[in-house]
Amino acid sequence: MAARHQLDVYTLSSADHEFADVRPFAANHHVVPFDPLPLLSSPFGRLNQIVRSLDLARLQSRARSVARRIDAGGYDVAFVHPCRFEQSPSVLRHLRRTPSVYYCQEALRVLYEAMPARPYDDRAVGRRRLLNRVDPLPALYRRRLRAVDRANLRSADAVLVNSGFMAGTIREAYGVEAQVSYLGVDVTHFRPLGLDRQPFVLSVGSLTPLKGFDFLVEALARCPRPQRPRLVIVSNFANAPERAYLTQLARERQVDLELVGHAGETELVRLYNQARLVVYAPVREPFGLVPLEAMACATAVVAVAEGGISESILDGRTGLLTEREPARFAAAVQRLTADPDLSRRLGEEGRAHVSREWTWERATDRLEAHLVRVVRS
């Protein structure tokens, strides 16, 4: 979009500006000072709910200041992204003259969904529940955060989401009708390299419970031992207890597991090209770029038919979708590993499908059309 529009960026100083750096595309980059207050350590950790609540209050003054600057700047539209502290940013609530479009990647899931159970949480959760009976601070903070997030999102002139599944989630959680503006991938970077396929299946995502890697281990354990492929997981973030849990689970289920951390994009493309398949099973994933990246590399995908995943994979044409049931998922994996020709055909059709429908150019055109619509209205 920088080729056709002037883009000014406003961001907090606490942001990681090196990650997915947009500064080269911005005409002006405004950094707003804000650093979260330091959290307390044990035995005063439960007072951190007060610290976080203070941060929410401090963000209000920053949001009002940024909103005034945006309103004074004569911009056509403010395109607003999620905040790591508030989820829906408070700047949405304080804009007075500038139309606002909020791209909601996901709802504040910890407040609206039950998180997957983990054995390493059992003792801590039980102790936490007991303390919560006498300590009102966690509940008060969650209510405050939920109220702030809800008020901010409902203040946007338009809300965009990454999938039809997310549109339904936003309708249910916030009572707002969101419009779908699908994402895309760079098909010049994620592309076939002509490498030989190796005897492993690949999955990508942070090592957290919502990514469903334990399900993949359980599913692969159902494959006959001689045909059981190695599972390689690439993660840019690892929750230490989750890493230990997955390692132990794979050992118990006799699944050969390799955990790769912080692979660069070049390494990631190589792995996509070498993998026999990409397997993907996050829990209620709002959208999921991994299947698109895999298909762009002409690699067949086996995934759960859940969340936004079923909106990008064409079942039986670019990959296979199954229920979240380990035996059925394992059967789909076995089907493709036993039939390289079918796997190759799915991969080739996946590349063609992404090149037609899911490029960055198509995503940009969709987004631009939504922004223009809001400006004109």
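Some points to look at:
- Among (1) 19.4, 59; (2) 22.3, 67; (3) 20.7, 63, the entry derived from the coordinates for Rg and Dmax of the Cα atoms in Å: (2)
- The label point for LEU37 and the one for ARG118, both projected 7 Å from the Cα toward the Cβ, are 2.7 nm apart.
- Degrees, to the nearest 10: 164-174 long Cα axis against longest axis of the chain: 40 degrees
- Förster radius 22 Å - calculated FRET efficiency between LEU193 and ARG317, Cβ distance, rounded to 0.05: 0.45
- The fewest-to-most ranking of ARG150, ARG69 by surrounding Cβ atoms within 10 Å reads ARG69, ARG150.
- Degrees separating the helix 48-72 axis from the principal Cα axis of the chain, which is the longest one: 70 degrees
- Paramagnetic label zone (point 7 Å from Cα along Cα-to-C-beta, ASP8; backbone N under 20 Å) in the range 361-377: 371-372, 374-376
- Cβ-Cβ FRET estimate between ASP365 and SER206, R0 fixed at 30 Å, reported to 0.05: 0.50
- Amide hydrogen proximity for VAL180: with H placed 1.01 Å from N in the peptide plane, the residues at 5 or more positions away or on another chain lying under 5 Å are VAL161.
- Where only DSSP H runs of four or more residues are counted, the chain gives -13500 deg cm²/dmol as its mean residue ellipticity at 222 nm, each run worth -39500 (n - 2.57).
- Farthest positive-ward along the range 198-358 dipole, Cα basis, beta-carbon charges - from PRO241, THR318, LEU231: LEU231
- 3J(HN,Hα) couplings calculated from phi for the range 103-118 with the Karplus curve 6.51 cos²θ - 1.76 cosθ + 1.60 (θ = phi - 60°) are, in sequence order, 8, 8, 5, 6, 6, 6, 4, 5, 9, 10, 10, 7, 7, x, 6, 9 Hz; Gly and Pro show x.
- By other beta-carbon atoms within 10 Å, ranking SER312, SER41, SER100, SER61 with the fewest at the front produces SER41, SER61, SER100, SER312.
- Contour minus Cα-Cα distance for THR266 and GLN248 (0.36 nm per residue): 3.5 nm
- The range 298-375 shape via C-alpha gyration tensor axes, a/c threshold 1.5: oblate
- Residue-wise HN-Hα couplings along the range 211-226, as the Karplus relation 6.51 cos²θ - 1.76 cosθ + 1.60 with θ = phi - 60° gives them from phi, are 7, x, 5, 5, 4, 4, 4, 4, 5, 5, 5, 7, 6, x, 3, x Hz; Gly and Pro carry x.
- Under 20 Å from the PHE19 label point (7 Å along Cα→beta-carbon), backbone N, the range 265-302: 265-269, 282-283, 285-291, 293
- A Gaussian network model of the chain, with springs between Cα atoms under 10 Å, assigns the largest mean-square fluctuation among LEU277, LEU321, LEU259 to LEU259.
- Nearest 10 degrees, 0 to 90: helix 240-253 Cα axis against the chain principal axis: 20 degrees
- Built amide H within the under 5 Å cut-off of THR359, gap 5+: VAL185
- Span from the the range 337-377 Cα centroid across to the the range 243-289 one, whole angstrom: 23 Å
- Over the range 198-358, equivalent-ellipsoid semi-axes from the Cα gyration tensor in Å: 22, 17, 15
- Close amide H contacts of VAL234 (hydrogens built in the peptide plane, cut-off under 5 Å, sequence separation of 5 or more or a different chain): SER203, VAL204, GLY205, VAL260.
Here, each number is a calculation from the coordinates, and none is a lab measurement. This is a predicted model, so every value here is computed, not measured. When we count neighbours, we look across all protein chains shown, and the Cβ atoms used for this are built from the backbone with ideal geometry, even at glycine.
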